[in-house]
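Notes follow the structure.
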Amino acid sequence: MTRTWQAAPSVGHPLTRVEGLDKVTGRARYAADIALPGLVYGWVVPATIPRGRVIGIDVAATLAMPGVLAVLHPHNAPRLADIGEGTLALFQNDRVAHRGAPVALVIADTPERAREAAERTAVDYLPEPHDADFRPDHPGLYTPDHVNPNNATTTDKGDVDAAIAGAAVVVDREYRTPAQHNNAMEPHSATAVWADDRVTLYTSTQYAYTVAQSLTRLFGLAPGTMRVVSEHIGGGFGNKGAPARPDAALAVMAATLVGRPVRVTLTRPQLYPLTGYRTPTAQRVRLGADEDGRLVALEHRAASQTSRLVEFTEQTAIYSRAMYAADNLRTSHRVVALDVPTPRWMRAPGEAPGSFGLESAMDELAEACGVDPVELRLRNDTQAEPASGLPFSSRRLAECLREGARRFGWAGRDPRPAGRRDGRWWRGTGMAGAHYPARTAPTTAHVTALRSGDYVVRVAATDLGTGARTALTQLAADALEVPVTTVRVLIGDSDFGPAHGAGGSMGTASWGWPVVTACHDLAHRLASGEPLPPEGLTSTFDSTDAVGARRDLSRYAFGAHFAEVAVDVSTGEVRVPRLTGVYAVGRVVNPLTARSQLLGGMTMGLSCALLEESMMDARFGGFVNHNLADYHVATNADVGELDVAFVDDPDDELNPSGVKGLGEIGIVGVPAAIANAVWHATGVRQRELPIGPARAITSGQ
Amino acid sequence: MREFSYARARDVDAAVSLVADNPGARYLGGGTNLVDLMKLGIERPELLVDVTGLPLDEVVDDGGRLRIGALVRNSDLAAHPLVRERYPVLSQAVLNGASGQLRNVATTGGNLVQRTRCGYFTDPTMPCNKRMPGSGCPAIEGEHHNLAILGASDHCVATHPSDLAVALSALDARVGVQDLAGPHELPLEDLYRPVGDRPDLELTVRDGALLTGVSLPPLPAGTRTGYRKVRERASYAFAIGAVAAVLVVADGMVSDVRIALGAVASHPWRARIAERELRGGPATAEAFEAAAVAELDAARPLRDNAYKVPLTRDLVVAVLTELAR
Ligand SMILES: Cc1cc2nc3c(=O)[nH]c(=O)nc-3n(C[C@H](O)[C@H](O)[C@H](O)COP(=O)(O)OP(=O)(O)OC[C@H]3O[C@@H](n4cnc5c(N)ncnc54)[C@H](O)[C@@H]3O)c2cc1C
Ligand code: SF4
């Protein structure tokens, strides 16, 4: 077949966001903006004890309050199917699983009245003794069957203990990371409306299709009854991932009860116990090396917490399975179930806290061996995944390290700590490696050629604000060999069929596969003269078999981060004037949105290094700083110069679009690079995050 | 959020008559603190009396004293030429607080009587002596890393969040107040009650008294002033340590000094002990440090806020050293 390009290829060009104008002019409608006739509002009544039973709710008094239409509670809530998701088994019994868990939902004609009535609803509890205190030596820590999302809990290769006993240099350290909340700008909101025997849920989710499926099972609905629409999302960072968050189930329940559309929007303080957070972690890293810093043994053990509702184990130590070569390698996880809110995915789950442990320990090893930290990592590079032995589809860590060192000006760095005083500041530099899995999941997509000459792509993808819609437009246009202006990509609708969500940095890789394949097919059909009916000609592709048929390889994106810090000698204020990130992420579909993703990731890494901490008061089982004034996310003033670069990373073993995903790798290793730089500046190791003034203040003394 | 009535005050007398003697009424300034607390259910007024239309929004020179109306917005205050020229410390303190958007609406009066940011105070499901007298103070054993090290009690260890008030304290500001008995003035320091056993009672003035403005005495020629604030992020965060200082040095000797500390107590903390130590003595880093240490001798830090003692000490030294240069 001969094909004639009607347009220059778009992939690789910095197309601005296709929905950008709608967003900046306010035309884009987010979940809580959708106007519906007859809409009423549900408000959560949260548990005020961490554990026990609800023994009474004064429903009558609440029903008598102005504007109140109904109260949902364990005695009138529909019986739900057990779908193995405790956080969605709402109002099924009188148990309180954690502080802030919904004990009732008040439905009223305005949000203000719903809120007032919910806050004045009298609930009697029978409290029970609770434990919300995560400790690395908690007696309740156990070894789970698997860790997130579906990884082995433990890997063990060689004889770590013997190798460490015989190693010339040993580093054995503990690292801690705190609980953190995703804190997307847009809060969670869900609006359910029944019409023509179907229920439509407008909600802010990263996983429209998965959420529709799970709610269908939860409510025992006939297949096809549930539709989830999630057109625009104001950030999620994992917090709007699967499973559905309670607001979605509550909206469906309430709309069913009152027979009107119901919206449930959570306030910022309500997000803290209800929508997930990153667990605190305690990690022990043991490294054994020869005098030149070549690892002979690596052990990474991690502990984290989960709730009583679900076993959710952060895959903290898996970072060490794929990073540096070590003949003797052991990684393991333990988890403890506490009377706390349920932890969930937060940007680069596993890799973000785990890389803090390993990349900090590598810096300590560099110090102990007297080897430059970049050189140390180069010496421990490998072309087969250390834990599994599988070859990498491509691994350009060394290129990232070298290019990063060059851009940052690393050469000639004096490795000695606490030697650079500049007025009130100690100055230092540090670095870390990074990787993130490059996964692809089965997805179905449709593309329709219209008689107008336009093309419509439909796939239940999500654009969290990342630019995914734009990247898919470019991939589709190139596959069709048409200008991007003729392609419209519709996403965020579960009716478009099975699709992976926006999570695990797998969106573009997963959605792009069927989009590109369906577009090729359609282009072929058109080129071979197939007639174009009035409703248009549609090609559909389901990538399940193709994804399953891939070779068994280890697929990862790689990167390297370099940081410069300044630490105030007397106040402990840490500033980061400069961060460099260099990445090997497969094909870069859109350099503009890709760069933005990495800027965002690096900023989140900086924020995680210096600022973010959700403070749990274990006596109450609740987070105390549950608002954006007290939970500090980096502001513009915290962010210095950010330098983002890519190395060429061709890889034919991925997917038809050749992408690895780059949403999360920008955060991985940044906290360690900054902590390592703080040590270089002050001479004091920072093994616990965040490195706020209270921790850094002792450094200068 | 409770439903409430809203009224715009026509003049000062009308405002006072609506709010004084009415425990369910509150003045509404910029609303940046009050409305947040209303949403959280911490404040549940029946009536809001919006005072932003009152003619208390000017900065004027009154025979050498600078008079700042209670409704001057934080941004306008910081930018005012007379403030920048005569009291740079005040301008710096305001600009170190909150964000541009908040400063555009926040008022001088509202800033001085804003409530603490203690996390237990702002969560109605938690005990808190300040919000619910007698319910206990969970912060003492709990999350208190940014709470008080000076002047606290067993009943409350909250801090006052204002930056502006710290600078005003160092400038010996007086506060204009009007209640049903009429207008009067008092030193800013006397506006705040010591914590004692009633942390819910924060002010010395009568309930429903309207703050009408603040006034500042002139500073002698050669006075240098400065503000430095430490916070956990580079911008848009409350202080974990703050120092406002006014210093006059002649021939290497301190002829006058006034120091106020922020983020250490339930109100701006005038460092009188340090001032006494310094007055008439040498203006050296050693003297500054000795004075700061003497002041902080009274500090009673809790488990997680002991870092504030060296932080505040070093900040005092850094600010005074800079001013003495
Ligand atoms: C996210 C955030 C960050 C912030 N960061 C800082 C910071 O870093 N530094 C800082 O100093 N502040 C900070 N603030 C606080 C902010 O400065 C105050 O909220 C603001 O100054 C209050 O002024 P307002 O006019 O909005 O007061 P309002 O909210 O209107 O009122 C506050 C209180 O004062 C009373 N009141 C108002 N006017 C009068 C009057 N004339 N007489 C008597 N009573 C009156 C009200 O009844 C109410 O009780 C921050 C606030 C937020 C929300
Ligand atoms: S410190 Fe004061 S405001 Fe905070 S909990 Fe204790 S009593 Fe309440």
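The values are calculated or read from the model by the stated rules, or taken from the named source; none is laboratory data. The structure presented is a predicted model; accordingly, all values stated were derived computationally and were not measured. Here the Cβ positions follow ideal geometry from the backbone for every residue, glycine too, while neighbour counts run over all protein chains shown.
Brief remarks on what is shown
- Matching residues in the range A:610-628 - criterion: being more than 26 Å from A:E564 (Cβ to Cβ) and either among the charged types (D, E, K, R) or more than 7 Å from chain B (Cβ to nearest Cβ) (or both): A:S614, A:M616, A:D617, A:A618, A:R619, A:G621, A:G622, A:F623, A:H626, A:N627, A:L628
- Filter pass, A:T342 being in the same structural domain as A:G428 (by TED's automatic domain parsing), among the polar types (S, T, N, Q) and in contact with a His (Cβ under 9 Å, 6 or more places away or on another chain): yes
To keep it simple, each residue is scored yes or no on (1) outside the structural domain of A:Q206 (by TED's automatic domain parsing); (2) more than 21 Å from the chain's Cα centre (by Cα); (3) closer than 29 Å to A:T429 by Cβ; (4) not in a loop (DSSP other than H, G, I, E, B).
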residue: A:L628; (1), (2), (3), (4): yes, no, no, no
residue: A:A645; (1), (2), (3), (4): yes, yes, yes, yes
residue: A:D648; (1), (2), (3), (4): yes, yes, yes, no
residue: A:E653; (1), (2), (3), (4): yes, yes, no, no
residue: A:G661; (1), (2), (3), (4): yes, no, yes, no
residue: A:I665; (1), (2), (3), (4): yes, no, yes, no
residue: A:A672; (1), (2), (3), (4): yes, no, yes, yes
residue: A:V678; (1), (2), (3), (4): yes, yes, yes, yes
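- A count restricted to the range B:93-108 and to residues that are over 16 Å from the mean Cα position of the chain (by Cα) and either away from chain A (no Cβ under 14 Å) or of a type in the set (F, W, Y) (or both) stands at 2.
- Counting only residues that are buried (at least 16 other Cβ atoms within 10 Å of the Cβ) and free of Cβ contacts under 8 Å to residues at least 24 places away in the same chain, the range A:136-153 holds 1 of them.
- Looking only at residues of the range A:590-609 that are under 17 Å from the mean Cα position of the chain (by Cα) and polar (S, T, N, Q), we find that the one that is nearest to the other protein chains (Cβ to nearest Cβ) is A:S607.
- Leading residue by the ranking (farthest from B:D11 (Cα to Cα)) among those in the range B:192-212 that are over 15 Å from the mean Cα position of the chain (by Cα) and near ligand 1 (Cβ under 10 Å from one of its atoms): B:V205
- Taken together, the residues in the range A:116-135 that are within 32 Å of the chain's Cα centre (by Cα), buried (at least 21 other Cβ atoms within 10 Å of the Cβ) and within 13 Å of chain B (Cβ to nearest Cβ) amount to 2.
- When restricted to residues that are within 11 Å of ligand 1 (Cβ to nearest atom) and touching a residue at least 60 places away in the same chain (Cβ under 8 Å), the range B:85-108 contains 11.
Yes/no per residue for (1) acidic (D, E); (2) without any contact (Cβ under 8 Å) to a residue 60 or more places away in the chain; (3) touching a Pro at 6+ places or on another chain (Cβ under 6 Å):
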residue: A:V624; (1), (2), (3): no, yes, no
residue: A:N636; (1), (2), (3): no, yes, no
residue: A:E641; (1), (2), (3): yes, no, no
residue: A:L654; (1), (2), (3): no, no, no
residue: A:G661; (1), (2), (3): no, no, no
residue: A:G666; (1), (2), (3): no, no, no
residue: A:V678; (1), (2), (3): no, no, no
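- Of all residues in the range B:201-209, at least one satisfies being more than 27 Å from B:L150 (Cα to Cα) and either touching a strand residue (DSSP E or B) at 6+ places or on another chain (Cβ under 8 Å) or modelled with pLDDT under 95 (or both).
- Residue, farthest from ligand 2 (Cβ to nearest atom), within the range B:15-55, restricted to residues that are of a type in the set (A, V, I, L, M, F, W, C), under 16 Å from B:G110 (Cβ atoms) and within 14 Å of another protein chain (Cβ to nearest Cβ): B:V35
- Leading residue by the ranking (farthest from B:A283 (Cα to Cα)) among those in the range B:299-313 that are under 21 Å from the mean Cα position of the chain (by Cα) and in a helix (DSSP H, G or I): B:K308
- Taking the criterion of being at negative phi, surrounded by fewer than 24 Cβ atoms within 10 Å (Cβ to Cβ) and either within 14 Å of chain A (Cβ to nearest Cβ) or not in a strand (DSSP E or B) (or both), the only residue of the range B:238-264 that qualifies is B:F238.
- Of the criteria (1) surrounded by fewer than 18 Cβ atoms within 10 Å (Cβ to Cβ); (2) under 20 Å from A:P261 (Cα atoms); (3) within 14 Å of another protein chain (Cβ to nearest Cβ), which one A:V68 fails: (1)
- Test: residue in the range B:135-156 that is more than 14 Å from every other protein chain (Cβ to nearest Cβ), away from ligand 1 (no atom under 16 Å from the Cβ) and closer than 25 Å to B:K39 by Cβ: yes
- Whether a residue is surrounded by fewer than 19 Cβ atoms within 10 Å (Cβ to Cβ), more than 14 Å from chain A (Cβ to nearest Cβ) and either within 11 Å of ligand 1 (Cβ to nearest atom) or under 24 Å from B:V49 (Cα atoms) (or both) was assessed, and B:N111 does not pass this test.
Residue-wise test of (1) more than 28 Å from A:F312 (Cα to Cα); (2) in a strand (DSSP E or B); (3) in contact with a helix residue (DSSP H, G or I) (Cβ under 9 Å, 6 or more places away or on another chain).
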| site | (1), (2), (3) |
| --- | --- |
| A:G56 | yes, yes, no |
| A:A70 | yes, yes, yes |
| A:H75 | yes, no, yes |
| A:L80 | no, no, yes |
| A:L90 | no, no, yes |
| A:R99 | no, no, yes |
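- When the range B:98-118 is filtered for residues that are hydroxyl-bearing (S, T, Y) and in a loop (DSSP other than H, G, I, E, B), the ones remaining, listed by number, are B:S99, B:T116.
- Condition check for A:N183: closer than 19 Å to A:W345 by Cβ, free of Cβ contacts under 8 Å to residues at least 12 places away in the same chain and of a type outside the set (D, E, K, R): no
- Residue in the range A:585-626 that is surrounded by the most Cβ atoms within 10 Å (Cβ to Cβ), counting only those that are among the β-branched types (V, I, T) and outside any loop (DSSP other than H, G, I, E, B): A:T593
- Unmet requirement for B:P124, which otherwise passes all of (1) in contact (Cβ under 8 Å) with a residue 60 or more places away in the chain; (2) within 10 Å of ligand 2 (Cβ to nearest atom); (3) within 14 Å of another protein chain (Cβ to nearest Cβ); (4) closer than 19 Å to A:D617 by Cβ: (2)
- Of the strands (runs of 3 or more DSSP E) that lie entirely inside the range A:376-492, those containing 2 or more residues that are within 27 Å of A:S554 (Cβ to Cβ) and in the same structural domain as A:A352 (by TED's automatic domain parsing) span A:425-437.
- Restricting the range A:550-584 to residues that are within 14 Å of chain B (Cβ to nearest Cβ) and part of a strand (DSSP E or B) leaves a set whose member that is nearest to A:F237 (Cα to Cα) is A:V576.
- Scan of the range A:610-626 for residues that are under 22 Å from the mean Cα position of the chain (by Cα) and not hydrophobic (A, V, I, L, M, F, W, C), ordered by number: A:E612, A:E613, A:S614, A:N625, A:H626
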